[in-house]
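Visitor: Just dropping this structure here.
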Ligand code: SF4
C-alpha cells in the first residue's frame, strides 16, 4: 500500500521517548494560522510546491527521489525506519507519525502501524484529533502514545484560527482518555492567539475535568513558519507576532505546573 509523505526526520528526540524516526504524512483538514508545516497542506504530487522536503536528514537524502514528495510504500518506509532499529532499542525510542494529520490517510496509517508492530517498535501518534471515530478506533490498539494537540476550548476561537470546530477533537480526546491510553498534550503557544490568559485558563479547567493527562508540552511559536508560507505563496494570516519572552514562558509553564501538570517546553523545531 502507498501513501503520501512529505518528510522524514531521523534521530528525533522531541517526538516521544528515546531516539525516534518521525514520519510526516501529507494532508491536513485544518488550516491553523501558525502552522509550522504548511507543506503538509498538499497531498501527493498534484499541487505540491517545489523545493520542499529539504529538511530530511542527510541519511535519508540518498533515497529522497524515491520517497519525498511522492507516493511511498509501507515497505519502503519500513526499510528506512528499520535502519535505526539499534538506536530505538538502546534508547527506548521508536517511530512517531506526524504531519499534517496522519489520520487523514487512515488506511495507509493503519498499514504502517501494523508493520511497526510486527517489528515490535514503539509507536507515537502526533495528531490534531480531527478524525472520524471509526478511524481512531481502527488504529488505537497499535498506538503506544498519543501526542494530542489542544489549541482552544472555545469552539468559535477554534473555528476562527484553524478552520474547523473542535467538537470532534474534544470528543476524541475524551474517548482516548476513557480508554486509558497514554496521552500527552501539545499546546502551541501563539502570542495573542492561543497564549491568552482566558484560553490557558479554559484549557486547564477542561483538562482537569476530563482526563488523567499529566503531561503538557508547550510548543512556543516559531517564526520560521512565516518564511515557509511566503515561499509557498500562501497568505500568512497572523501578521507580525510579538516574541514570547522567557518571563512569559515561565509564567505560563507555572500556571500549568501549579495545577499538577508536568510541563515540558520545547519541540519548537517541529
Ligand atoms: S493541525 Fe498541525 S499540520 Fe494541520 S494545519 Fe494545524 S498545525 Fe498544521
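Where a number appears in this text, it was derived from the coordinates with a stated rule and is not lab data. The shown structure was predicted, so the numbers you read here are calculated from the model rather than taken from an experiment. Positions of Cβ are backbone-derived with ideal geometry, glycine not excepted, and every protein chain shown enters the neighbour counts.
Visitor: Among DSSP beta bridges whose residues both lie in the chain, state the antiparallel percentage, nearest 5. Don't skip to the end; give the middle numbers.
Guide: Values: 8 of 34 bridges.
Approximately 25 percent, going by the DSSP bridge assignments.
Visitor: For residue 179 and residue 208 in one chain, what is 0.36 nm times their gap in residues minus the Cα-Cα distance, to one decimal in nm? Walk me through the intermediate numbers first.
Guide: Values: separation 29, 0.36 × 29 = 10.44 nm, distance 1.68 nm.
Separation in residues times 0.36 nm, less the Cα-Cα distance, equals 8.8 nm.
Visitor: Starting from the Cα-Cα distance between residue 248 and residue 13, subtract it from 0.36 nm times their residue separation and give me the gain in nm to one decimal.
Guide: Numbers: separation 235, 0.36 × 235 = 84.60 nm, distance 2.49 nm.
Computed gain between residue 248 and residue 13 is 82.1 nm.
Visitor: Let's test the formula: R0 of 41 Å, r as the Cβ-Cβ distance of residue 257 and residue 31. What FRET efficiency results, to the nearest 0.05?
Guide: On the way: r = 32 Å, r/R0 = 0.77.
Using R0 = 41 Å, I get an efficiency of 0.85.
Visitor: In Å³ and rounded to a whole number, note down the convex hull volume per residue for the Cα atoms of the range 131-177.
Guide: Working: hull volume 3.4 nm³, N = 47.
In the range 131-177, the Cα convex hull volume per residue is 72 Å³.
Visitor: Label residue 82 and residue 230 with points 7 Å out from Cα along Cα→Cβ: what is the distance between them in nm?
Guide: 4.4
Visitor: Could you calculate the contour length gain from residue 91 to residue 164, that is, 0.36 nm times the residue separation minus the distance between their Cα atoms, to one decimal place in nm?
Guide: Numbers: separation 73, 0.36 × 73 = 26.28 nm, distance 3.75 nm.
So the chain would gain 22.5 nm between residue 91 and residue 164.
Visitor: Also: Which residues does the label zone of residue 140 cover in the range 168-191, counting backbone N under 11 Å from a point 7 Å along Cα→Cβ?
Guide: So the set is 172-181.
Visitor: Quickly estimate the mean residue ellipticity at 222 nm for the chain, helices only: each DSSP H run with n ≥ 4 gives -39500 (n - 2.57), and the total goes over all residues, rounded to 500.
Guide: Numbers: 11 runs with 99 residues, N = 270.
So the calculated ellipticity at 222 nm is -10500 deg cm²/dmol.
Visitor: Over all pairs of distinct alpha carbons, what does the Kirkwood formula give as the hydrodynamic radius of the chain, in Å?
Guide: Numbers: mean 1/r = 0.0530 Å⁻¹.
In the chain this quantity evaluates to 18.9 Å.
Visitor: Moving on to the next point. Going 7 Å from the Cα of residue 117 along its beta-carbon direction, which residues of the range 75-98 have the amide nitrogen within less than 18 Å of the resulting point?
Guide: So the set is 75, 78, 94-98.
Visitor: Hey, in the GNM for the chain with a 10 angstrom Cα cutoff, which one of 85, 120, 199 fluctuates hardest?
Guide: 120
Visitor: In the calculated pair distance distribution of the range 171-213, what percentage of Cα-Cα distances lie above 14 Å?
Guide: Numbers: 481 of 903 pairs.
In whole percent, the share of Cα-Cα pairs in the range 171-213 beyond 14 Å is 53.
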